[in-house]
Structure formats: C-alpha cells, structure tokens
1. List, please: which pairs have Cβ atoms under 8 Å, are six or more places apart or on different chains, and start with a residue in the range 34-53 that is closer than 23 Å to residue 68 by Cβ and end with one that is in a helix (DSSP H, G or I) and among the charged types (D, E, K, R)?
2. Of the conditions (1) in a loop (DSSP other than H, G, I, E, B); (2) small (Gly, Ala, Ser); (3) touching a residue at least 12 places away in the same chain (Cβ under 8 Å), residue 60 clears all except one; give me its number.
3. Scanning the range 67-80 for residues that are out of contact with any Lys or Arg (no Cβ under 7 Å at 6 or more places or on another chain) and modelled with pLDDT under 85, which turns out surrounded by the most Cβ atoms within 10 Å (Cβ to Cβ)?
4. Would you please list the contacts, defined by Cβ atoms under 8 Å and residues six or more apart or on different chains, that run from a residue in the range 4-17 that is surrounded by fewer than 12 Cβ atoms within 10 Å (Cβ to Cβ) to a residue that is among the hydrophobic types (A, V, I, L, M, F, W, C)?
5. Quick check on my filter: what residues within the range 22-57 are out of contact with any helix residue (DSSP H, G or I) (no Cβ under 6 Å at 6 or more places or on another chain), part of a loop (DSSP other than H, G, I, E, B) and at pLDDT 90 or above?
6. Answer yes or no as to whether residue 12 is at pLDDT below 90, more than 20 Å from residue 77 (Cβ to Cβ) and within 20 Å of the chain's Cα centre (by Cα).
7. Taking the condition surrounded by fewer than 18 Cβ atoms within 10 Å (Cβ to Cβ), at pLDDT below 80 and within 16 Å of the chain's Cα centre (by Cα), does residue 105 pass?
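The values are calculated or read from the model by the stated rules, or taken from the named source; none is laboratory data. The model shown is predicted, which means the values in this text are computed figures rather than measured ones. Using ideal geometry, Cβ is built from the backbone for each residue, glycine included, and neighbour counts are taken over all protein chains shown.
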Amino acid sequence: MIYVASIDRQVNNAAQVILKPAVECSGEDYAGIMATNLESCFHLSQLAHPLLRNASVAGGGSVVHISSTAGCLGVPGVVLYSIAKGTHFKEHTHTHTHSINPYLEGYF
C-alpha cells in the first residue's frame, strides 16, 4: 500500500498585536509583527503546496487567508497589525495565488 500525503485546506490565521501608537513602534516591533502575521503564512503556504496539489478535491486544495477589517480601515494604536493584515489581504493573497496558478485572472 502506498500512502500519498495530502491536505484539502490550509488556513492562515496567525496574528500578533502590539498596542502602541505608531510613533512608539520600534524596528523590532515591526519585524516581529511581520514575521508572525505575514512571513509565517507565506512559508507555511510554501511547505503546504505539494500537499495541496495532492488534495482529494478536483483541482487541488484551498488556501484561506484570514485578514481583518483593521487592514482596510487602519486602527489607531495597532498600526503594525493594520499594515500586516492589509498587506496580507490585498497583496499577499493575490500575488501568492497568481504565482501558483497564473490562469486565475478572472477571479480577482
């Protein structure tokens, strides 16, 4: 018996919040938020890609990115979180999807 590993869904819901005004955020604060809220999702998606291709659903598995309205509105006191979630929703999802399957032009 040959076992082929696969996953049908990957959900990226990582988030870290630092409650500080924008002028008080350090480079370390920025790097930590981006590592948790963006980089972790990117790297997990990279690792999951081969398993998603073997999904039991036709056409492969799905990647779901959980964002926040803070990314669209910008919320005082959580500016780094807002930046990360806005980037995650707008740019990361679109760019990552097209890098995997450039034929999804009509879906965005």
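1. From residues that are closer than 23 Å to residue 68 by Cβ, the pairs are 37/85.
2. Among (1) in a loop (DSSP other than H, G, I, E, B); (2) small (Gly, Ala, Ser); (3) touching a residue at least 12 places away in the same chain (Cβ under 8 Å), residue 60 violates only (3).
3. Taking the candidates together, the pick is 75.
4. Qualifying pairs under 8 Å: 5/51; 13/66.
5. Once the filter is applied, which keeps residues that are out of contact with any helix residue (DSSP H, G or I) (no Cβ under 6 Å at 6 or more places or on another chain), part of a loop (DSSP other than H, G, I, E, B) and at pLDDT 90 or above, the range 22-57 yields only 26.
6. yes
7. no
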